[in-house]
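Following: one structure in structure tokens, then a few remarks.
The values are calculated or read from the model by the stated rules, or taken from the named source; none is laboratory data. Treat the numbers as computed from the prediction; the structure is a model and nothing was measured. Cβ placement follows ideal geometry from the backbone for every residue including glycine, while neighbour counts extend to all protein chains displayed. Just the protein is used for accessible areas: all its heavy atoms, side chains included, with ligands, DNA and RNA removed. Shrake-Rupley method; radii C 1.70, N 1.55, O 1.52, S 1.80 Å.
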Amino acid sequence: MKKILLINGPNLNRLGKREPEVYGSTSLSDLEEMLLKKAGTYDAALTAFQSNHEGDIIDKLHWAEDDGQDGIILNPGAYTHYSYAIRDAIASITIPVIEVHISNVHQRESFRHTSVTAPVTAGQIVGLGLMGYELALQAMIEIIKERK
Ligand code: DQA
């Protein structure tokens, strides 16, 4: 069975309540539950993790490698735009990472137009709402199959 880790970064615990016009009205737990079910249909086990702390996200990325996770779906939140530490953590592991952003960051403030993490990921999905996570899961299954 494939093992996929979902990591959501800062403020994503407030999904559903936080700027619903940008991020929608679905809560993080509803999103995680939906992805858990979807992963089951691909014969994959999904572990969901959220943290508002940079170091905890880095520790989780390292843990994923040591635990033998097969793929990571990561929304680093605002860390996307400036965390060289998270970028280095992604580069330090061999597991494919897909970066997801719910909102279309390119239509927003200019500081959101840069991702320091994207260059070390397998790919990025931006601006498709929560569907982006489902697409990332689908893509990750294919990437894992190709690697095995
Ligand atoms: C986000 C976009 C980031 O710019 C922002 O800081 C977030 C969420 C998104 O999913 O659209 O926290 O990553």
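At-a-glance table
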| read-out | value |
| --- | --- |
| Residue in the range 43-50 that is open to solvent by 40 Å² or more (accessible area, probe 1.4 Å), assigned to a helix (DSSP H, G or I), within 16 Å of the ligand (Cβ to nearest atom) and of a type outside the set (Gly, Ala, Ser) present | no |
| Members of the range 117-129 that are within 12 Å of the ligand (Cβ to nearest atom) and free of Cβ contacts under 8 Å to residues at least 60 places away in the same chain | THR117, ALA118, GLN124, ILE125, VAL126, GLY127, LEU128 |
| Cross-chain or 6+ apart pairs with Cβ under 8 Å, the range 98-113 first and within 13 Å of THR80 (Cα to Cα) and open to solvent by 50 Å² or more (accessible area, probe 1.4 Å), then part of a helix (DSSP H, G or I) and aliphatic (A, V, I, L, M) | HIS113/VAL105 |
| Total residues in the range 124-148, condition open to solvent by less than 40 Å² (accessible area, probe 1.4 Å) and either within 15 Å of ILE7 (Cα to Cα) or assigned to a loop (DSSP other than H, G, I, E, B) (or both) | 9 |
| Some residue of the range 22-30 being of a type in the set (A, V, I, L, M), more than 19 Å from ILE141 (Cα to Cα) and without any contact (Cβ under 8 Å) to a residue 60 or more places away in the chain | yes |
| Subset of the range 86-97 (residues that are open to solvent by 30 Å² or more (accessible area, probe 1.4 Å) and either under 21 Å from GLU19 (Cα atoms) or not in a helix (DSSP H, G or I) (or both)) | SER92, THR94 |
| The range 24-37: number of residues that are out of contact with any strand residue (DSSP E or B) (no Cβ under 9 Å at 6 or more places or on another chain), within 12 Å of ALA48 (Cβ to Cβ) and within 12 Å of the ligand (Cβ to nearest atom) | 0 |
| Qualifying residue in the range 13-23 (condition: out of contact with any strand residue (DSSP E or B) (no Cβ under 7 Å at 6 or more places or on another chain), within 12 Å of the ligand (Cβ to nearest atom), open to solvent by 50 Å² or more (accessible area, probe 1.4 Å) and of a type in the set (Asp, Glu)) | yes |
| Test: residue in the range 86-103 that is farther than 18 Å from LEU35 by Cα, within 13 Å of the ligand (Cβ to nearest atom) and β-branched (Val, Ile, Thr) | yes |
| Every residue from the range 52-85 that is in a loop (DSSP other than H, G, I, E, B), over 12 Å from the mean Cα position of the chain (by Cα) and within 15 Å of the ligand (Cβ to nearest atom) | ASN52, HIS53, TYR82, SER83 |
